[in-house]
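Presented below is the structure to which this report refers.
The values are calculated or read from the model by the stated rules, or taken from the named source; none is laboratory data. Just so you know, these numbers come straight off a predicted model, no measurement behind them. Cβ: placed from backbone, ideal geometry, glycine included. Neighbour counts: every protein chain shown. These area figures cover heavy atoms from the full protein model, side chains too; ligands, DNA and RNA do not enter into them. Shrake-Rupley method; radii C 1.70, N 1.55, O 1.52, S 1.80 Å.
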Amino acid sequence: MENEQIYIYGRHPAEEALAQTPKKISKIFLKRGNESAFNAKITDLASKHKIPVALVDKSKLIHLAGDVNDQGIVMVMSGSEFVELKDWIESVKDIKNPCCILLDEMEDSHNVGAIIRSATAFGIHGIIIGKHRQSPLTGGAYKTAAGTIGKVPLIRVNNLNNALDVLKENHFWALGLDASGDTELSKMEMDMPLCIVIGGEGDGVRMKTLERCDYKVKISMENKVESLNASVTAAVVMYEWKRGRN
């Protein structure tokens, strides 16, 4: 397993992290001038877990997390652990028809966070993320995921196409989302070990990745809408997968 250091910002994500994973927090930075009640609350919670707290100017928060809506708090955390693909495959061998999501070069951290949140809500068993040309799990992703990162195993791989090959060798079927696909989502049977491939925000699933997919699936649109946001598309497909299991 591996993890990395990240900066979490915003009051709700910070309070959730303190409640759920305090051992991952190494330091908390609070802005001078916050409401005294809020700073006192965070300081009290931090002291219970022996987490150091520093009162700093706004410029320090910007230096740490960037020019974001930090709401007067930034915390340093170790990121979620990533599991090896082979270990994840072994862990789901006794699950009937497990399902994972593969993110194909997704660059928007908020989309990544939203997809992780939906995957958690719909009971997806794993999320595969590439090491290259892929948004890292930033504070923005954590904020959008609303406390769900870490509840579904995250698998990080060097090569997404190789990962698909390994999954197929282990009896998974690959479903790629494609606006020109030959199968309508509503007609797709998904009662099988499945990997759902979600493309990046610009060009969708890359051609060489799509060629590895057993199914090229489209979502029918009306009113001349050509496509949906990547995270919305992912949520629609995951809902259909869950509905088919019930």
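With 29 Å as the limit on Cα-Cα distance, the pairs of LYS50/LYS151; LYS41/LYS242; LYS41/LYS131 that go past it are LYS41/LYS242; LYS41/LYS131. Think of it as helices only: each DSSP H run of n ≥ 4 in the chain is worth -39500 (n - 2.57), and spread over all residues that comes to -10500 deg cm²/dmol at 222 nm. Of the trypsin sites (Lys or Arg not before Pro) found in the range 13-97, those in coil by DSSP whose Cβ has at most 16 other Cβ atoms within 10 Å are ARG32, LYS50, LYS93, LYS96.
Building the convex hull from the alpha-carbon atoms of the chain and averaging its projection over directions returns 14.7 nm². Among LEU167, LEU64, LEU177, the residue with the largest mean-square fluctuation in a Gaussian network model of the chain, with springs joining Cα atoms closer than 10 Å, is LEU64. For the range 38-110, pairs of C-alpha atoms spaced more than 22 angstrom apart make up 53 percent of the total. With the alpha-carbon atoms of the range 182-225 aligned to their principal axes, the span from lowest to highest coordinate is 34, 24, 15 Å, starting with the largest. Remark: the range 189-198, residue by residue, has Karplus-estimated 3J(HN,Hα) of 8, 10, 8, 6, x, 9, 10, 9, 9, 10 Hz, where x stands for each Gly or Pro and the curve is 6.51 cos²θ - 1.76 cosθ + 1.60 at θ = phi - 60°. Accessible area per residue for the range 8-129, computed on protein heavy atoms with a 1.4 Å probe, is 47 Å². For the residues ASP70, ASP182, ASP203, ASP57, a 1.4 Å probe over the protein chains yields an accessible-area ranking, largest first, of ASP203, ASP182, ASP57, ASP70. Packing around the peptides 122-128, 217-223, 97-103, taken as the average count of other Cβ atoms within 10 Å per residue, puts them in this order, highest first: 97-103, 122-128, 217-223.
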